[in-house]
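The values are calculated or read from the model by the stated rules, or taken from the named source; none is laboratory data. What you see is a predicted model; the values in this text were computed from it and never measured. All Cβ positions, even for glycine, are placed from backbone atoms using ideal geometry, and neighbour counts span all protein chains on display. The accessibility values were calculated without ligands, DNA or RNA, using every heavy atom of the protein model including side chains. Shrake-Rupley method; radii C 1.70, N 1.55, O 1.52, S 1.80 Å.
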Amino acid sequence: MLWKSGQQLQGGKYKIEQELGEGGFGITYRASSHNGSDVVIKIELVGVQA
């Protein structure tokens, strides 16, 4: 896990709610935006070898 629940991104524009999953190429998070919308953020893990 790169980010923890409650962590804010982009100056508070997004807040991490929970990690949804981690796979071979990245980590997916559920987050909320500053206007209250739910969003999904996927982070690509650099240097991952299949």
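A few comments on the model shown:
- Compactness index (Cα Rg / 2.2 N^0.38 Å), the chain: 1.18
- With the simple spin-label model, which puts each label point 7 Å out from Cα in the Cβ direction, the Leu9 to Ile43 separation comes to 0.8 nm.
- Solvent exposure of the chain amounts to 73 Å² per residue of accessible area, where only protein heavy atoms count and the probe is 1.4 Å.
- Around Glu19: net Lys/Arg minus Asp/Glu count, Cβ-Cβ under 14 Å: +2
- Test item: Cα-centred dipole of the chain, Lys/Arg +1 and Asp/Glu -1 on Cβ, debye: 160
- The chain, accessible surface, carbon-and-sulfur percent (1.4 angstrom probe): 47
- Computed over the chain: relative contact order in percent, which uses C-alpha pairs under 8 Å that are six or more apart: 26
- Sorting the segments 12-22, 31-41 by their residues' average number of neighbouring beta-carbon atoms within 10 angstrom, most packed first, yields 12-22, 31-41.
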